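Scroll down for the structure; my scribbles are underneath it.
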Amino acid sequence: MKNCCIIIFFLAVFAAADSFAQRITPDEYINKYKDLAISEMKRSGIPASIKLAQGMLESGNGNSRLATVANNHFGIKCHGWTGKEIFHDDDEKGECFRHYEQARESWLDHTEFLTSRSRYAFLFDYGSTDYKSWAHGLSKAGYATDPKYPQLLISLIERHNLYQFDTGVQVAKKPPQRTQLPAARRSAPARSTASGEDFASFNIDRYPVRVNNRTNYVNAREGDTHASLTKHLDMMPWQLPKYNEIKTSEPLYESQVVYLQPKRRRAEQGKETHRVADGETMHQISQQYAVKVARLYTLNRMEQGAQLQGGEVLNLRRKKKK
């Protein structure tokens, strides 16, 4: 009996040691799931950095009980779930969480969870490089009860440089020089992000990715179509028309600004107003400043579709109260 107990003891010790040795490190987790995070960002607009940070935080880098037993990397509870379940202590004892057959299913369901619930809809106005707004927005929408949730996500993103994945390509240590177009052919200036991260130095093959008002864009080349550009940039068919507020039937012209993510709700600081030129449309102004068309109408208290008059001054940002 004594020998049996000793054997059981050592088996337990070895099992614990083996379990500890197999724990996934943060870098291993990132390398394992970064491609899936980028793919889901292109499909939905959720920043890859946010998905990675949430996965790391919620699953303990894939080492938590929910992750190892139920492949649940995002702590999503049942909420009408009709699939397999697992019960786990969280805010209360024995709460119901979703159980997945594979970790990939958890990542896809996380996208579905955020895109299908109205309380998260406002997040998609921020774009896929504005991880700070996404972090605070997730907390505001009630994703987690921890008041420090935004800071925890932002800390993970900045500690592990996860924002490098928010353009769909990885950061080079010495990024290539930007190719500047002649002024006459450049319809929007390249800008750095307000927070200091410059995503404009990335290159997707022949298309330099530039930034205007914290929104990534490329310039179309001669002969480009919606289909060819979508395929070349590895994006979904709906993304370019939606982000640029155009129809797929509209032809692209050389040097046209094509945004790769949603435009903003206001222009960058220092761009307060715009004087309308004769014949200029609201869509052209929207593309110039990377501000959504509907938002420009709202900022100027105009009805949607109202025609512009040459010489009138439009607000590009909300006026400050005196």
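Filter region 127-160 down to the residues that are in a loop (DSSP other than H, G, I, E, B) and hydrophobic (A, V, I, L, M, F, W, C), then identify the one that is nearest to residue 52 (Cα to Cα).
Among those residues, the one meeting the criterion is 144.
Would you say residue 87 is of a type in the set (Phe, Trp, Tyr) and more than 18 Å from the chain's Cα centre (by Cα)?
Yes, satisfied.
Tell me the residue from 301, 266 that is at pLDDT below 95 and crowded, with 17+ Cβ neighbours inside 10 Å, please.
266
Residue 315 fails exactly one of the following numbered conditions: (1) in contact with a strand residue (DSSP E or B) (Cβ under 7 Å, 6 or more places away or on another chain); (2) in contact (Cβ under 8 Å) with a residue 60 or more places away in the chain. What is the number of that condition?
Checking residue 315 against (1) in contact with a strand residue (DSSP E or B) (Cβ under 7 Å, 6 or more places away or on another chain); (2) in contact (Cβ under 8 Å) with a residue 60 or more places away in the chain, the one that fails is (2).
Which ones in region 233-256 are at negative phi and within 20 Å of the chain's Cα centre (by Cα)?
Matches in region 233-256: 233, 235, 236, 237, 238, 239, 240, 241, 242, 243, 244.
Filter region 82-102 for residues that are surrounded by 13 or more Cβ atoms within 10 Å (Cβ to Cβ) and of a type outside the set (A, V, I, L, M, F, W, C) and give the result.
85, 88, 90, 95, 98, 99, 100 - these are the residues of region 82-102 that are surrounded by 13 or more Cβ atoms within 10 Å (Cβ to Cβ) and of a type outside the set (A, V, I, L, M, F, W, C).
Here's the yes/no breakdown for (1) of a type in the set (D, E, K, R); (2) crowded, with 17+ Cβ neighbours inside 10 Å:
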residue	(1), (2)
56	no, yes
61	no, yes
67	no, yes
75	no, yes
80	no, no
126	no, yes
135	no, yes
140	yes, no
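Taking only pairs six or more apart or across chains, which ones have beta-carbon atoms under 9 Å, a first residue in region 258-283 that is farther than 20 Å from residue 218 by Cβ and free of Cβ contacts under 8 Å to residues at least 24 places away in the same chain, and a second residue that is of a type in the set (S, T, N, Q) and assigned to a strand (DSSP E or B)?
From residues that are farther than 20 Å from residue 218 by Cβ and free of Cβ contacts under 8 Å to residues at least 24 places away in the same chain, there are no pairs.
Kindly indicate the residue of region 161-195 that is at pLDDT below 60 and assigned to a helix (DSSP H, G or I) and also surrounded by the most Cβ atoms within 10 Å (Cβ to Cβ) among those meeting that condition.
Across region 161-195, the extreme among qualifying residues is 185.
The values are calculated or read from the model by the stated rules, or taken from the named source; none is laboratory data. Predicted, not measured: the structure shown is a model, and the values here were computed from it. Backbone-built Cβ (ideal geometry, glycine too); neighbour counts: all protein chains shown.
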